[in-house]
Amino acid sequence: MSRNANDLRQNATDAERRLWAVLRHRRLSGCKFRRQHPVGPYIVDFACTKYHLIIEADGGQHDESTADLRRTAWLQKQGWRVIRFWNNDILANTEGVLSVILEALQDG
């Protein structure tokens, strides 16, 4: 296991902790998610490998990030679907975020 992934797990944001509380232990529609999961050269916030779905929780540092655009493009070329949510949306509208994730799982 990557040391970096372990560090990220230990230093999760409030939004990541809130989302993980719902995604862990197959709590969302019985789907297994992994937290801080390595995919190629990247570590993604959450991944459902069965449906090739990645969920990213983004803070202000990600606003208009060209690195994030390159990362998303690479992940999509590998067959992953990537959904990004702002941390404040996760905290303020958790149910709405979960609805979007559930819809993506059903489309998967």
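The values are calculated or read from the model by the stated rules, or taken from the named source; none is laboratory data. Model, not experiment: these values are computed from the prediction. Because the Cβ atoms are built from the backbone with ideal geometry, glycine has one as well, and the counts that use them run over all protein chains shown.
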- Given the residues 102, 98, which is the only one that is under 15 Å from the mean Cα position of the chain (by Cα) and exposed (fewer than 15 other Cβ atoms within 10 Å of the Cβ)? 102
- Message: Tell me yes or no: at least one residue of region 78-97 is aromatic (Phe, Trp, Tyr) and over 18 Å from residue 20 (Cα atoms).
- Response: yes
- Message: Looking at region 82-104 only, could you name the residues that are under 21 Å from residue 51 (Cβ atoms) and outside any helix (DSSP H, G or I)?
- Response: 82, 83, 84, 85
- Query: How many of the residues making up region 54-77 are within 19 Å of residue 35 (Cα to Cα) and not in a helix (DSSP H, G or I)?
  - Reply: 6
- Any hit, region 5-21, residues being among the β-branched types (Val, Ile, Thr) and modelled with pLDDT of 95 or more: no
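To keep it simple, each residue is scored yes or no on (1) surrounded by fewer than 12 Cβ atoms within 10 Å (Cβ to Cβ); (2) under 14 Å from the mean Cα position of the chain (by Cα); (3) under 15 Å from residue 45 (Cα atoms).
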| residue | (1), (2), (3) |
| --- | --- |
| 68 | no, yes, yes |
| 74 | no, no, no |
| 85 | no, yes, yes |
| 107 | yes, no, no |
